[in-house]
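Novice: Submitted below is the structure of interest, expressed as structure tokens.
The values are calculated or read from the model by the stated rules, or taken from the named source; none is laboratory data. Owing to the predicted nature of the structure, the values given are computational and were not obtained by experimental measurement. Cβ placement follows ideal geometry from the backbone for every residue including glycine, while neighbour counts extend to all protein chains displayed.
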Amino acid sequence: MKRRHEMPFGAEYRGDRQVRFRLWAPQAREVDLWLSADSRHLPLGPHDGGFFELVTDGIKPGAHYQFQIDGGRCVPDPASRFQPQDVHGPSEVVDPNAFEWNDETWCGRPWEEAVIYELHVGAFTPSGTFAAICERLDDLADLGVTALELMPVADFPGKRNWGYDGVFSFAPDSTYGRPDDLKNLIQQAHSRNLMVLLDVVYNHFGPEGNYLGLYAPQFFTSRHHTPWGTAINFDGAFSRSVRDFVIHNALYWLTEYHFDGLRLDAVDAIVDDSSPHILTELAETVRHSVEPGRYVHLILENDRNQASLLRRGKGCEPLQYTAQWNDDIHHALHVLLTEEQDGYYSDYAQNPISHLGRCLTSGFAYQGEASLYRKGQSRGEVSRDLPPSAFISFLQNHDQVGNRAFGERLSTIVDPQILRTVIPILLLAPSAPLLFMGEEFGARSPFLFFCDFEKEVAAAVTAGRRNEFVRFDRFNDPVSGERIPDPSAVSTFRASHLDWRAASEPNGKQWFLLYKKIVCLRHKCIHPHLLSGCAVKARYQVIGDSAFVAEWSFKDGAHLTLQANLGRLAVHLQPIFAPTIYTSENIDKTGQDSVVLPGWSVMWRLEA
């Protein structure tokens, strides 16, 4: 089976050694094609809308090419399908039809079955490649996860990067392998009944290797600004071509690579004053383009907590976006587990139990309330009418681990017994859970912020990284700041690699069995009721300073109850006479109907 996505830009191999080259360069007077093999240059003809185009014969897949702008600098293709020599080198002509797909029966999985596993391709295995991930797929399937989420793979400068500094949105980074290696990973995952999701970045480009400003400055606008500087132009003159670039990128990954979904990074940093908003147009285009019967999931990271982007149709189908990473639930749990109250954790320092209960039963903790961290600004929209599947819960992810000064995982800063109490809260609650790579075997290796820029940019990033932590008491002097690992050092990247030896040690095996047991229980006891219908009635009640009870009533009549004590002292609760499906190890198994919960314990009950 063949898969390709036709785009209005880039190099399109049409077979019989014929290629169409097309570049959007509204600022250019003339554009030439340079072919590396024989140093030929061929002129592209101007077309409407600022495009230049050439259809030529005698070029095979694998040919390297660049565009020369106005007789000056040669630049790569911004829609390159592959950059074999990194971001400053030539682009490569790729024939998508050269890859033979064998997953033609794969239609994905319902979102209600999602148990997500986030990983960084370069740090997940010692070799850091797409091919190496294939060797671990059986382990992940055995764990019970149903979806892999890859941090961004779009080509970035250098040999190591989190991926959020990508500058070639259509080209898998050559450090990880060739395009066919990524396609093989996806179909290998599909053969094990695993979905594959991709993190994509539409709010900015990285600081090195982005040549768009030379020949298409209209791609950006000074009317809006983002944390990374000048914004992408989604709403001004020439924005139609910019919007098409982003929308085709989403369709490209979903079609040509057969990804099962996309996670859109920090969409709150996307500025668009036009109508429809680019997020709306992108989602609606994807929904209308997906073939019938195929499950495709669109996920948001959105600090604005815009519940309106997650609304459902009459059949509970997402009208735009499937789910959102729920930072609120992480922050509430983190305060409870660590008692840290710096930065955005300050919004959850008061009544973290209540914030947690609200997240579990109605989505966001902030649904329009004022945020102390944001100087009193209101944050969020009402989310209580959305199904639990519209929210993704997690204890750890790349941001929450990697944005700590030393990249510490919870396994190194929280008592193991306390962690064992919280894990089943997220894994058995109706919202989709997400695990961060290594979490399942209690990995203790850090996940640090790392990159590989040229010298001047690297120095600025290192200084900026250390300045981020000046507001924290333990880093407000120069000596302490110097202790923060240098993002540009190779040693920082190497330290962030998963240590798979820990997975085979007794402690690692115990953690794995715990996660596997609870995930299996989720598949058996929770998923069937999530699939029964959209309407879920939920409520919670806080008891004392540290305990709460949360309840969910599903459309099929099942009733799920969580009793949790997240404090040191035992609490007395009202008895609930329903079958128990999970209890913490420190609860007396002979007294499952007891109204006393010891410190740091949970009990799940399900009446089907």
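Novice: Tell me which residues, restricted to segment 113-160, are of a type in the set (D, E, K, R) and under 28 Å from Leu531 (Cα atoms).
Specialist: Listed by number, the residues that qualify are Glu113, Glu118, Asp138, Asp139, Asp142, Glu149.
Novice: Out of all the residues in segment 245-253, is one or more over 30 Å from Phe67 (Cα atoms) and assigned to a helix (DSSP H, G or I)?
Specialist: no
Novice: Let me ask something else. Check whether at least one residue in segment 146-153 is more than 22 Å from His398 (Cα to Cα) and polar (S, T, N, Q), and report yes or no.
Specialist: For segment 146-153, residues more than 22 Å from His398 (Cα to Cα) and polar (S, T, N, Q): absent.
Novice: Looking at segment 100-112, is at least one residue farther than 29 Å from Leu530 by Cβ and either crowded, with 21+ Cβ neighbours inside 10 Å or not hydrophobic (A, V, I, L, M, F, W, C) (or both)? Give the steps one after another, and end with the answer.
Specialist: Just the residues of segment 100-112 that are farther than 29 Å from Leu530 by Cβ, to begin with: 100-102.
Narrowing the set further to residues that are either crowded, with 21+ Cβ neighbours inside 10 Å or not hydrophobic (A, V, I, L, M, F, W, C) (or both) leaves 100, 102.
So far as segment 100-112 goes, yes, one or more of its residues are farther than 29 Å from Leu530 by Cβ and either crowded, with 21+ Cβ neighbours inside 10 Å or not hydrophobic (A, V, I, L, M, F, W, C) (or both).
Novice: Taking into account only those residues within segment 27-81 that are charged (D, E, K, R) and without any contact (Cβ under 8 Å) to a residue 24 or more places away in the chain, which is farthest from Phe219 (Cα to Cα)?
Specialist: Step by step, filter segment 27-81, then rank; the result is Asp38.
Novice: The conditions are (1) buried (at least 18 other Cβ atoms within 10 Å of the Cβ); (2) over 25 Å from Leu23 (Cα atoms); (3) out of contact with any Cys (no Cβ under 8 Å at 6 or more places or on another chain), and Asn193 fails exactly one of them. Which is it?
Specialist: If we test Asn193 against (1) buried (at least 18 other Cβ atoms within 10 Å of the Cβ); (2) over 25 Å from Leu23 (Cα atoms); (3) out of contact with any Cys (no Cβ under 8 Å at 6 or more places or on another chain), just (1) comes out false.
Novice: Here is a further query. Could you tell me whether segment 153-168 includes any residue that is within 21 Å of Ala266 (Cβ to Cβ), in contact with an Asp or Glu (Cβ under 9 Å, 6 or more places away or on another chain), among the polar types (S, T, N, Q) and buried (at least 23 other Cβ atoms within 10 Å of the Cβ)?
Specialist: yes
Novice: What pairs come out if I take residues in segment 364-379 that are without any contact (Cβ under 8 Å) to a residue 12 or more places away in the chain and pair them with residues that are outside any loop (DSSP other than H, G, I, E, B) and surrounded by 14 or more Cβ atoms within 10 Å (Cβ to Cβ) whose C-beta lies under 7 Å away, six or more apart or interchain?
Specialist: Sorted first by the residue in segment 364-379, then by its partner, the pairs are Gln377/Ser371.
Novice: To continue, here is another question. Being over 24 Å from Gln400 (Cα atoms) and of a type outside the set (A, V, I, L, M, F, W, C): is that true of Asn102 here?
Specialist: Numbers: over 24 Å from Gln400 (Cα atoms): yes; of a type outside the set (A, V, I, L, M, F, W, C): yes.
When the stated conditions are applied, Asn102 passes them.
Novice: Find the residue count for segment 330-387, including only residues that are part of a helix (DSSP H, G or I), closer than 30 Å to Ser532 by Cβ and hydroxyl-bearing (Ser, Thr, Tyr). Explain how you work it out, then say what you get.
Specialist: Residues of segment 330-387 part of a helix (DSSP H, G or I): 330-338, 343-348, 352-362.
Pick out the ones that are also closer than 30 Å to Ser532 by Cβ and you get 330, 332-333, 353-362.
This time we only want the ones that are hydroxyl-bearing (Ser, Thr, Tyr), so: 354, 361-362.
Qualifying residue count, segment 330-387: 3.
Novice: Then there is this: What single numbered condition from (1) within 24 Å of Ser546 (Cα to Cα); (2) modelled with pLDDT of 95 or more fails to hold for Tyr344?
Specialist: Failed condition: (2).
Novice: Which one of these is loosely packed, with under 15 Cβ neighbours inside 10 Å, assigned by TED's automatic domain parsing to the domain that holds Gly315 and either closer than 21 Å to Asp268 by Cα or basic (Lys, Arg) (or both): Arg379, Arg384, Arg358? Steps first, answer last, please.
Specialist: Values: Arg379 fails: loosely packed, with under 15 Cβ neighbours inside 10 Å; Arg358 fails: loosely packed, with under 15 Cβ neighbours inside 10 Å.
Step by step, each of Arg379, Arg384, Arg358 is checked, and only Arg384 is loosely packed, with under 15 Cβ neighbours inside 10 Å, assigned by TED's automatic domain parsing to the domain that holds Gly315 and either closer than 21 Å to Asp268 by Cα or basic (Lys, Arg) (or both).
Novice: What number of residues within segment 286-315 satisfy the criterion of being among the basic types (Lys, Arg) and farther than 19 Å from Glu112 by Cα? Steps first, answer last, please.
Specialist: Restricting attention to segment 286-315, the residues satisfying the condition of being among the basic types (Lys, Arg) are 287, 294, 304, 311-312, 314.
Then drop every residue that is not farther than 19 Å from Glu112 by Cα, which leaves 304.
The qualifying residues number 1.
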